[in-house]
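Below: one structure, written as structure tokens.
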Amino acid sequence: MKIVISGFYGLGNTGDEAILKSIVDNLRTELDNPDITVFSLSPDKTSKEHNVKSFYRGWRHDNKEKVKALRKADLLISGGGGLLQDSYPTKFLFGPLPYYLLIVFLAKLCGAKVMFFSQGIGPVTSTWGKILMKVFANMADFVTVRDQYSKDYLHSLGVNRPESVVTADIVFAFQSKQEDIAYNTLPLKGDEKIVAVTVRPWFNHPDYIEKMAYVLDELIERRGVTPVFVPMEGKYDVPASEDVMSKMKHADKTMMLGSDFSPEEFLNFIRRSDLTFGLRLHALIFAALSNVPHLGLSYDKKVESFLKRSGMWDYSFRLGEIDQEKMLENALYLLDHKKEAQAVIEPNVAELRREALRNLDLLKEKFGSKRRS
């Protein structure tokens, strides 16, 4: 089966790279020798890391190669992650939303089937974005989304033609081997109580920085924890982490992990933590996969939807609604009652993994027996 994968790949975002690894690894597990091509902004790096063919994602070059790949393809996988949204500026045919939808249109022109794969939908708030969704997203042949909110939102945008099924984020089917590459880069003795901290810029509610700093200082004083900042997208997360540290009394007792690790290496570091605390969705998912209690700060419905499914929403907060004393109380509870929290997380994650793998079952059911001539 010849498959082209389109997504936010090759920009160093750990969450998106984890999505790509999960898709590629599971396609190879579930299908008989699939022929995989990935559209990436760093095609050489993507090709080397995943042993796939890869072409430049944008329109500046490799356009003939993209068309050739789609003409040969049985299926375009668009996803996963939050591709179909216009939080970034959408101007006519420029911006992420028009790009991903035009790739869908191009695939259909080339005769390929299209599957939106394990996607989170929205927000789409601009009039032009809504028009593009209604016209081009309805060209998909089949859709899986990672939460019920995304399915409902898709239908509210008038995308009703393709069948849509709620599954789970494909990263819940992440395939990894245990190692300590990232952990061993830090001067840790092995007996620390690690709090993995994940921060990203979010300018609508900047007060979360001071509140996180307060909670981390209190955890250091009351429980002797070692906060380690985990920058999943270095160019954004390192400065945001430094902002939190600048507000702390005990910043000297924190550490910063490097930002150039693979998704597998980040996951294995988070596996060593006692609590994961912060904003990055896929850091929280890595914690859930590792059965580590996690306290999330939701900047988007996708984070809230995940936390509800993992069982940790009762301990978490929406940005703009953070009670710092309650957040401290919740963090202390999760540290002090780790086994009780794990007993909640474990069965929920097992179900999420089954739902993530269902993306592959549905792909095989809908497209597996069909071949291009």
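Which percent of the accessible heavy-atom area of region 60-171 goes to carbon and sulfur, probe 1.4 angstrom?
C and S fraction of accessible area: 58 percent.
With all protein chains present, how much of the accessible area of region 181-240 (probe radius 1.4 Å) comes from carbon and sulfur, to the nearest whole percent?
53 percent
Looking at the chain, identify the longest residue range that excludes and avoids all chymotrypsin sites (Phe, Trp or Tyr not before Pro) in DSSP loops having at most 11 other Cβ atoms within 10 Å.
By the stated rule (loop sites, at most 11 other Cβ atoms within 10 Å), 204-373.
Compute the Rg/Rh shape ratio of region 269-373: radius of gyration over Kirkwood radius, all on alpha-carbon atoms.
1.12
Roughly to the nearest percent, how much of the accessible area of region 261-306 is carbon and sulfur, given a 1.4 Å probe?
Exposed carbon and sulfur together represent 37 percent of the surface.
Multiplying the sequence separation of LYS72 and TRP128 by 0.36 nm and subtracting their Cα-Cα distance, what value in nm do you get?
My answer for the length gained is 17.0 nm.
Test of understanding: what is the full-extension gain from LYS235 to LEU31, defined as 0.36 nm times their sequence separation minus their Cα-Cα distance?
69.8 nm
Using Cα atoms only, what is the angle between the long axis of helix 208-223 and the major principal axis of the chain, expressed in degrees (0 to 90) to the nearest 10?
In the chain, helix 208-223 runs at an angle near 50 degrees to the longest axis.
Work out the P(r) tail for region 80-154: percent of alpha carbon pairs separated by more than 20 Å, whole number.
The calculated P(r) of region 80-154 puts 23 percent of pairs beyond 20 Å.
Kirkwood hydrodynamic radius, the chain, all distinct C-alpha pairs: what's the number in Å?
21.1 Å
Pulled fully out, how much extra length does the chain show between LYS364 and PHE203, if you take 0.36 nm times their separation in residues and subtract their Cα-Cα distance?
Difference between extended and current length: 53.8 nm.
Just to confirm, what accessible area per residue do you get for the chain at 1.4 Å probe, in whole Å²?
Averaged over the residues of the chain, the accessible area is 42 Å².
So if R0 is 22 Å, what FRET efficiency would LYS189 and HIS250 give, r being the distance between their Cβ atoms, rounded to the nearest 0.05?
0.75
If I model a spin label as a point 7 Å beyond the Cα along the Cα-Cβ vector, how far apart are those points for GLU179 and ARG223 in nm?
About 3.0 nm, to one decimal.
Sequence gap of 8 or more, or different chains, plus Cα separation below 21 Å: how many lysine pairs satisfy both in region 78-224?
Here the count comes out as 9.
Compute the projected area of the convex hull of the Cα atoms of region 130-225, averaged over all viewing directions, and report it in nm² to one decimal place.
Averaged projected area of region 130-225's Cα convex hull equals 10.6 nm².
The values are calculated or read from the model by the stated rules, or taken from the named source; none is laboratory data. Model, not experiment: these values are computed from the prediction. So basically every Cβ, Gly included, is an ideal-geometry build from the backbone, and we count neighbours across all protein chains shown. The protein model used for the area step is the full one, side chains on, heavy atoms only, and it has no ligands, DNA or RNA in it. Shrake-Rupley method; radii C 1.70, N 1.55, O 1.52, S 1.80 Å.
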